[in-house]
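Trainee: Dropping a structure here in structure tokens format, bear with me for questions.
Just so it is clear, none of the values below were taken in a lab; they were calculated from the coordinates. Note that this is a predicted model, so its numbers are computed, not measured. Neighbour counts run over all protein chains shown; Cβ positions are idealised from the backbone, glycine included.
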């Protein structure tokens with residue numbers, strides 16, 4: 001069977017930006033004509049918001065897609081759900097995202113998994129709109 005992989009996503013258990021150098025090396029190999037030759041626009045990196053690495057990847061001007069796992073638009077609630085928010089709050093994260101967009105002229109995808117009685121009500125939706 002001859003199956004061609006067309007898209008790669010770095011996400012899941014473990015933060016890709018905590019292993020930044022290896023992820024960048026993997027992207028280089030995956031993208032290389034002598035590697036898997038998958039176009040950078042078909043490679044996505046999903047981060048929970050390691051802000052220094054968002055700035056670094058923006059400065060590298062990769063053509064990969066960047067996704068941010070947001071899941072909450074309120075610092076207190078996001079910190080309870082995602083402890084990284086204690087180190088990098090939403091305001092700082094949005095500044096880094098704006099820098100990324102300005103620097104690369106690429107959009108960012110925001111991931112928001114609904115959790116019953118946690119972030120699935122009208123108040124949370126309205127706060128999400130105000131955050132963006």
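Trainee: Which peptide among 95-105, 12-22 comes first, and what is the full order, when sorted by highest mean count of other Cβ atoms within 10 Å? Display every interim value, and only then the final one.
Mentor: Working: 95-105: 15.1, 12-22: 13.0.
Final packing ranking: 95-105, 12-22.
Trainee: Helix 122-131: angle to the longest alpha-carbon principal axis of the chain, degrees 0 to 90, nearest 10?
Mentor: 60 degrees
Trainee: Let me ask you something else. Find the relative contact order for region 8-131 and round it to a whole percent, using C-alpha pairs within less than 8 Å whose residues are 6+ positions apart. Intermediate values should be presented prior to the final figure.
Mentor: On the way: 152 pairs, mean separation 29.5, N = 124.
Computed value for region 8-131: 24 percent relative contact order.
Trainee: Which length gain, in nm to one decimal place, applies between residue 120 and residue 79 when the Cα-Cα distance is subtracted from 0.36 nm times their residue separation?
Mentor: Contour length minus Cα-Cα distance gives 13.1 nm.
Trainee: Return the calculated 222 nm mean residue ellipticity for the chain, to the nearest 500 deg cm²/dmol, obtained by summing -39500 (n - 2.57) across DSSP H runs with n ≥ 4 and dividing by the residue count. Show your work: numbers first, answer last.
Mentor: On the way: 5 runs with 54 residues, N = 132.
Counting only the DSSP helices, I get -12500 deg cm²/dmol.
Trainee: Report the far tail of the P(r) of the chain, meaning the percent of Cα-Cα pairs longer than 21 Å. Spell out each step's value before the answer.
Mentor: Details: 3797 of 8646 pairs.
Across the chain, Cα pairs with separations above 21 Å total 44 percent.
Trainee: Another one. Compute the helix-to-body angle for 20-31: its Cα long axis versus the longest principal axis of the chain, expressed 0 to 90° and rounded to tens.
Mentor: Taking Cα atoms only, the helix is inclined about 50 degrees.
Trainee: Tell me the label-point distance for the pair residue 103, residue 2, using the 7 Å Cα-to-Cβ offset, in nm and rounded to one decimal.
Mentor: Spacing of the two 7 Å Cα→Cβ label points: 4.1 nm.
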